[in-house]
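Engineer: One structure, pasted below without further comment.
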Amino acid sequence: MGIFDQKKNNQFRIVARYVYYRVKSELTAETARTYLSYVWWLLEPILTIAVFYVVFGMLFERGGEGFVSFLLLGVTAWFWFQHSISKSVTSIRKEARLMSQVYVPKYTFPLCAVTFMLFKHLFVVLVLVGMLLVIETPSVTWFFYPLIFLVQLILILALSVLVAAIVPFIPDLTLVVPPLLRLSLFLSGVFYSQEMIPAGYVHYFRYNPLAGLIMEYRKVMLYGQMPDFVYLIKIVLISSLILAFGLWLLAKLDRIYPRLNN
Amino acid sequence: MAVGEAGPHIPEAEQLMAWEHGQCLIRAQNIAVIYNRATSLFRRDPFSALKDVSMELYAGESLGVVGRNGVGKTTLLKVLADIIRPDRGTVENFGATTAMLSMQAGFDQFATGRTNILLSALLLGYSEDEIKEHINDIIDYAELGDFIDQPLVGYSAGMRARLGFSVCYFLEPDVLLIDEALGAGDIEFRRKSAEAMQAKIRSDQTVVLVSHEANTIRELCDRAVWIEEGVTRMTGDPAAVVEAYENFVKVNPRGKPSV
């Protein structure tokens, strides 16, 4: 037909452009659907912070000074994680109709989900973590915030690809993931610090990468401490392995997914 | 592309220029597709959609596939489009791009008509420049007016069908795969689209047309394949193939329940 000009189109470039336009359209659609649009993106974490502040700061008197900043870092990091994973869970499954019409490399779908949440979260971070500029005294260690952010992105991407790859084969998992994510809220120190848990458990607490990352955010943003680089590198390495495994699964099963709903 | 070879279905640049008339584009040999229906976590119920199908597709021809409901015609199209791979047998694609006509099934409901055209075209391998070139034709042809910048949730079924048809009509893949109905949308547009599609099938566009309506195949196709219970029964002149198929249906009103 001569219309195609494939010389410059390798597969990943096609996927990248697809993800770009798809995410752009989803972001526009989401803001058009509600009256307060962007404001909701901020209200959700803000309301959660308010709840934790009332329950733990006021009723349990566990807050102490700087509790709002403390909650802010935990809640934003957890929301990002939680929303990305729950969007990725069904990302391949809900495209059953599209992939029965045209070949699409399946990693496209979790990539769309993660990119969408990344942009949404960037907006939240710019506004809410930006508020720390006013509340807290800036420190040089703040420059490490983007580094920890990047490590969290790799962690999110790895887990998102993995769940997206597995869930179409075991749809029951869509019911297991939400309670697990809720559990991650309680186990990741979103509203408490490592010092509040019994010393015997601290060791296990560090095995939870989300808990560790939330602590690193607080170290650099609130306490002026250097991040634990060895710990961050460990998360990156393990996440990369999980990501490689997830992408391998997706490639291996690429033409099996369209068969599943038959 | 050989079976089992990983990687994109997107062909290499040098293969993309005009096809010589009569050149073989896709060759399927003894393909079988077995679906494993999961009835519970531990039980799988195997079901052969295709058992032994062989066919070749040549540039410029329109190939009709006849057979009753549930004999695996749609599965065959998915194999030809490289959406799924057969469990047995080989499919060779000599570099042709393929697409199903019913693109609207995969549209994003919350995106606008314009974005859906863009997304579909990207998946069919078009660059943004090429899409820009075609997008106005597509929009005009779909007769959507201002709705083109509205999300699809507000569209009527007819509008969606019109958009889907126009996308596939203008974004010509090397091989167009058509499942059952030719016309789309409301009566007026159905007539227009059916005529346009018939003109396209008669032209140099390579088409695989699947139908259980023997007349459509007889009228429009250059060659026909008859599939019964997942096996190719006959290949050749459409009039002869359709006749054999109709005789068979008369004698065996329902050999097998529809799936």
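The values are calculated or read from the model by the stated rules, or taken from the named source; none is laboratory data. Just so we're clear, the structure is a prediction, and the values are computed from it rather than from any experiment. Backbone-built Cβ (ideal geometry, glycine too); neighbour counts: all protein chains shown.
Engineer: State whether the residues of the stretch B:155-170 include one that is in contact with an Asp or Glu (Cβ under 6 Å, 6 or more places away or on another chain), in a helix (DSSP H, G or I), more than 13 Å from chain A (Cβ to nearest Cβ) and surrounded by fewer than 19 Cβ atoms within 10 Å (Cβ to Cβ).
Structural biologist: yes
Engineer: Can you work out which of the residues in the stretch A:83-111 that are in a loop (DSSP other than H, G, I, E, B) and β-branched (Val, Ile, Thr) is surrounded by the fewest Cβ atoms within 10 Å (Cβ to Cβ)? Let's see the steps before the verdict.
Structural biologist: Step one: filter the stretch A:83-111 for residues in a loop (DSSP other than H, G, I, E, B), giving A:90-92, A:100-107.
Restricting the remaining residues to those that are β-branched (Val, Ile, Thr) gives A:90, A:92, A:102, A:104.
On the way: A:THR90: 18, A:ILE92: 27, A:VAL102: 22, A:VAL104: 22.
Among those residues, the one meeting the criterion is A:THR90.
Engineer: Checking the condition within 30 Å of A:ILE92 (Cα to Cα) and either modelled with pLDDT under 90 or surrounded by fewer than 14 Cβ atoms within 10 Å (Cβ to Cβ) (or both), which residue from A:ARG182, A:ARG206 passes? First the steps, then the outcome.
Structural biologist: Details: A:ARG206 fails: within 30 Å of A:ILE92 (Cα to Cα).
On inspection, the qualifying residue turns out to be A:ARG182.
Engineer: Search the stretch B:54-74 for residues being of a type in the set (Val, Ile, Thr) and crowded, with 24+ Cβ neighbours inside 10 Å, and hand back the single one that is farthest from the other protein chains (Cβ to nearest Cβ).
Structural biologist: At the first step, the residues of the stretch B:54-74 found to be of a type in the set (Val, Ile, Thr) are B:65-66, B:71, B:74.
Those still in the list that are crowded, with 24+ Cβ neighbours inside 10 Å too: B:65-66, B:71.
Details: B:VAL65: 17, B:VAL66: 22, B:VAL71: 14 Å.
If we take residues in the stretch B:54-74 being of a type in the set (Val, Ile, Thr) and crowded, with 24+ Cβ neighbours inside 10 Å, then B:VAL66 is farthest from the other protein chains (Cβ to nearest Cβ).
Engineer: Based on what the data block shows, is A:LEU147 touching a Phe, Trp or Tyr at 6+ places or on another chain (Cβ under 7 Å) and away from chain B (no Cβ under 14 Å)? So that I can check it myself, show each step before the final result.
Structural biologist: On the way: touching a Phe, Trp or Tyr at 6+ places or on another chain (Cβ under 7 Å): no; away from chain B (no Cβ under 14 Å): yes.
The answer is no for A:LEU147.
Engineer: Please go through the stretch B:80-107 and give me each residue that is in contact with a Ser or Thr (Cβ under 8 Å, 6 or more places away or on another chain), within 7 Å of chain A (Cβ to nearest Cβ) and part of a loop (DSSP other than H, G, I, E, B), ordered by number.
Structural biologist: Listed by number, the residues that qualify are B:ALA81, B:ASP82, B:ILE83, B:ILE84.
Engineer: Taking the stated definitions as given, is B:LEU177 under 16 Å from the mean Cα position of the chain (by Cα) and within 20 Å of B:THR74 (Cα to Cα)?
Structural biologist: Numbers: under 16 Å from the mean Cα position of the chain (by Cα): yes; within 20 Å of B:THR74 (Cα to Cα): yes.
The answer is yes for B:LEU177.
Engineer: Sticking with this one: Hey, can you tell me all the residues within the stretch A:82-102 that are at the interface with chain B (Cβ under 10 Å from one of its Cβ atoms) and either without any contact (Cβ under 8 Å) to a residue 12 or more places away in the chain or touching a strand residue (DSSP E or B) at 6+ places or on another chain (Cβ under 6 Å) (or both)?
Structural biologist: Going residue by residue through the stretch A:82-102, those that are at the interface with chain B (Cβ under 10 Å from one of its Cβ atoms) are A:95-102.
Once the filter is applied, which keeps residues that are at the interface with chain B (Cβ under 10 Å from one of its Cβ atoms) and either without any contact (Cβ under 8 Å) to a residue 12 or more places away in the chain or touching a strand residue (DSSP E or B) at 6+ places or on another chain (Cβ under 6 Å) (or both), the stretch A:82-102 yields A:ARG97, A:LEU98, A:GLN101, A:VAL102.
Engineer: Restrict the check to the stretch B:223-241 and report whether at least one residue is among the small types (Gly, Ala, Ser), buried (at least 22 other Cβ atoms within 10 Å of the Cβ) and not in a helix (DSSP H, G or I). First the steps, then the outcome.
Structural biologist: The initial filter retains those residues of the stretch B:223-241 that are among the small types (Gly, Ala, Ser), namely B:224, B:230, B:236, B:239-240.
Checking the rest, the ones that are also buried (at least 22 other Cβ atoms within 10 Å of the Cβ) come to B:224, B:230.
Now drop any that are not not in a helix (DSSP H, G or I), which leaves B:224, B:230.
There is at least one residue in the stretch B:223-241 that is among the small types (Gly, Ala, Ser), buried (at least 22 other Cβ atoms within 10 Å of the Cβ) and not in a helix (DSSP H, G or I).
Engineer: Turning to a different aspect of this structure: Checking A:PRO258 against (1) in a helix (DSSP H, G or I); (2) of a type outside the set (D, E, K, R); (3) over 30 Å from B:GLY70 (Cβ atoms); (4) in contact with a helix residue (DSSP H, G or I) (Cβ under 9 Å, 6 or more places away or on another chain): exactly one of these is not met. Which one?
Structural biologist: Of the numbered conditions (1) in a helix (DSSP H, G or I); (2) of a type outside the set (D, E, K, R); (3) over 30 Å from B:GLY70 (Cβ atoms); (4) in contact with a helix residue (DSSP H, G or I) (Cβ under 9 Å, 6 or more places away or on another chain), the odd one out for A:PRO258 is (3).
Engineer: Hey, another quick one. Among the numbered criteria (1) modelled with pLDDT of 95 or more; (2) closer than 26 Å to A:PHE109 by Cα; (3) part of a loop (DSSP other than H, G, I, E, B), which one does A:PRO227 miss?
Structural biologist: Among (1) modelled with pLDDT of 95 or more; (2) closer than 26 Å to A:PHE109 by Cα; (3) part of a loop (DSSP other than H, G, I, E, B), the lone unmet condition for A:PRO227 is (2).
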